[in-house]
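Novice: Can you read through this structure? Questions will come right after.
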Amino acid sequence: MEFEELKSALFVRSSFGMKLGLERMREALRLLGDPHRGYPVLHVAGTNGKGSTCAFAEASLRAAGLRTGLYTSPHLVHFCERIRVGGTPISEERAAGSFEEIVRRVPWALDPDGLTFFEFATAMAFLEFTRSGIEVAVVEVGLGGRLDATNVVEPTACAVASLGLDHQQWLGPTLADVAAEKAGIFKPGAPAVSAGQPRAAAAILQRRADDLQIPLWRPGREYRFESRMDRDFCYQGPTGFCVRPRRPLALGGSHQRANGALCCALVEAAASRGLDVLPSHLEEGLVGARWHGRLETVAHDPLVLVDGAHNGHAARALSRSLPQIVRGRPLHLVVAAMEDKDLPALLGPLVPLARTLHLCAVNSPRAADPRVLAAASARADARIHPSAAVALEAARAAAGADGVVLCCGSLYLAAEIGAALAKRAPALMPSERL
């Protein structure tokens, strides 16, 4: 099978919608020889920050000399970014081979009620990890946790990154509902760690950990870290891990300190169960991780930043990090978002900071109409553009040499901004529909 054939066969599965539940995954993996077993797994859920936490953790494990697998979603530009071995995305040939093997060994996989897009991708990751002989995997939850396709794993340790309201049609209307779904990744015998959480969410996570009789490490209690940006980052954990990188964290923004600390706690918890990782490996991983689209500088003169903030919780965290980066310079905002997001919550923390506001739609069936974005922004001077490339050009012109351009609202926008700056057409990679 060629990769173009894989795209045609795989991405059409996204039109079948989301089917939460583990029965199909467990049966498919059984037919594949249970490729999700045989190596330790660090499992990471959360609303915001889980991808960055995974990137920090995988880089740290690689620094320890371990052959790593990393499974994340969504992809920024190319599907193969979701499945990495040793820090490198798998090849199109390997992806096509894994897909073909699943279709051959799971006879019902392509039936209308067979595997969904995300289930296929998850099974492909596990299959590739086994075929590549990895020694440890870092697996990011797709949506929720309890019924997510990744929740077939039996983790060595697991983490819950910062929680907020998102995907409420699937996870429930309150933070307590969201926390209950995320806590579904907790398993007997596997220590859990958590970022700082709102009180209601923290209580739900703790109750689930108590029910399973597993430890739950929380910041300010079992582990501590330096959150102030004017001081060097450091981490102190409950089993004696002390992490003091000699350089700043690889990912910018004050919120990344919480993600970095969560990574340290997760890896320390895994080390307590025998994973051969030291604090020095975390120090190397925290400064060497690479994770595109997270407050990333992509151009200068003017400074252009891209960030995947796509909900109110992430937008508030982003807004808190901006003053130290912008340093009084005028900010010009480019925004595209998905139609199922709480647009006023996304725009509210950021729009008041912007001198000019540029709105567009990305190439996705879920993209919000920029006119709807304009209404949600309550800015009469919001400018609507036909594409991300045109919006970026207008924002850069408005910024001149001294302003700052921030592009946010969706990782799909980050991908299109990257393509525009490279003066190439956006990758023709279909979008998944949730």
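Novice: Among 249-256, 152-159, how do they line up by average Cβ neighbours within 10 Å per residue, starting with the highest? It would help to have the intermediate numbers written out before the result.
Specialist: Working: 249-256: 21.2, 152-159: 24.5.
So the order, starting with the most tightly packed, is 152-159, 249-256.
Novice: How long is the gain from Asp111 to Arg329 if the chain were fully straight, where each residue apart is worth 0.36 nm and the alpha carbon distance is subtracted?
Specialist: Details: separation 218, 0.36 × 218 = 78.48 nm, distance 5.50 nm.
73.0 nm is the gain from fully extending Asp111 to Arg329.
Novice: Listed highest first by mean packing, meaning other Cβ atoms within 10 Å per residue, what order do 133-145, 21-33 come in? Numbers along the way, then the final one.
Specialist: Details: 133-145: 22.7, 21-33: 16.5.
For the peptides 133-145, 21-33, the packing ranking is 133-145, 21-33.
Novice: A further question on this structure: Return one whole number: the accessible area per residue of region 1-117 in Å², for a 1.4 Å probe. Intermediate values should be presented prior to the final figure.
Specialist: Values: 4390 Å² over 117 residues.
Heavy-atom accessible area per residue stands at 37 Å².
Novice: How large is the convex hull of the Cα atoms of region 46-157 per residue, expressed in Å³ as a whole number? Let's see the in-between values first.
Specialist: On the way: hull volume 12.6 nm³, N = 112.
Here the figure is 113 Å³ per residue.
Novice: Give me the lysines in straight-line cross-link reach of Lys50: C-alpha distance below 23 Å, same-chain residues under 8 apart excluded.
Specialist: Answer for Lys50, where 23 Å is the Cα cut-off: Lys19, Lys182, Lys187, Lys341, listed by chain and number.
Novice: Quickly estimate the mean residue ellipticity at 222 nm for the chain, helices only: each DSSP H run with n ≥ 4 gives -39500 (n - 2.57), and the total goes over all residues, rounded to 500.
Specialist: Working: 15 runs with 166 residues, N = 434.
That calculation yields -11500 deg cm²/dmol at 222 nm.
Novice: Now for a different question. Just subtract the alpha-carbon distance of Asp381 and Asp369 from 0.36 nm times their residue separation and send over the number in nm, one decimal.
Specialist: Values: separation 12, 0.36 × 12 = 4.32 nm, distance 1.67 nm.
That pair, Asp381 and Asp369, stretches by 2.6 nm at full extension.
Novice: Okay, moving on. In what sequence, highest mean first, do 284-290, 316-322 appear when ranked by Cβ atoms within 10 angstrom? Provide the component values of the computation, followed by the final result.
Specialist: Values: 284-290: 20.9, 316-322: 19.0.
By packing density, highest mean first, the sequence is 284-290, 316-322.
Novice: How would you classify region 101-190 from its alpha-carbon gyration tensor, with a ≥ b ≥ c the square roots of the eigenvalues: rounded for a/c under 1.5, else prolate if a/b is greater than b/c, otherwise oblate? Let's see the in-between values first.
Specialist: Details: a/c = 2.71, a/b = 1.39, b/c = 1.95.
Here region 101-190 falls in the oblate category.
Novice: Another question, then. Which value, to two decimals, describes the C-alpha radius of gyration of region 205-353 once divided by 2.2 N^0.38 Å?
Specialist: Numbers: Rg = 17.8 Å, N = 149, 2.2 N^0.38 = 14.7 Å.
Normalised by 2.2 N^0.38 Å, the Cα Rg of region 205-353 equals 1.21.
Novice: Please give the charge dipole size of the chain, origin at the Cα centre, charges +1 on K and R Cβ atoms and -1 on D and E Cβ atoms. Round to the nearest 20 debye. Each step should come with its number before you reach the end.
Specialist: Numbers: 48 positive and 45 negative charges, 216 e Å.
My answer is approximately 1040 debye.
Novice: Then there is this: Whole number in Å², please: accessible area per residue of region 184-282, 1.4 Å probe, ligands, DNA and RNA not counted. Could the numbers behind the result be given before it?
Specialist: Values: 4720 Å² over 99 residues.
Accessible area per residue, region 184-282: 48 Å².
Novice: Can you give the FRET efficiency for Asp402 and Asp232, using 1/(1 + (r/R0)^6), R0 = 25 Å, r = Cβ-Cβ distance, to the nearest 0.05?
Specialist: Working: r = 30 Å, r/R0 = 1.19.
Efficiency computed from Cβ-Cβ geometry: 0.25.
Novice: Restricting to Cα atoms and excluding each atom paired with itself, what does the Kirkwood estimate give for the chain in Å?
Specialist: Values: mean 1/r = 0.0455 Å⁻¹.
That comes to 22.0 Å for the chain.
Novice: Expressed as a whole percentage, what fraction of the accessible surface of the chain belongs to carbon and sulfur atoms when a 1.4 Å probe is rolled over the protein heavy atoms? Don't skip to the end; give the middle numbers.
Specialist: Values: 8530 of 17230 Å².
For the chain, the apolar C and S fraction of the accessible surface comes to 49 percent.
The values are calculated or read from the model by the stated rules, or taken from the named source; none is laboratory data. Just so you know, these numbers come straight off a predicted model, no measurement behind them. Cβ sites come from the backbone with ideal geometry, for glycine too, and all protein chains shown count toward neighbours. With ligands, DNA and RNA removed, areas are computed over all heavy atoms of the protein, side chains included. Shrake-Rupley method; radii C 1.70, N 1.55, O 1.52, S 1.80 Å.
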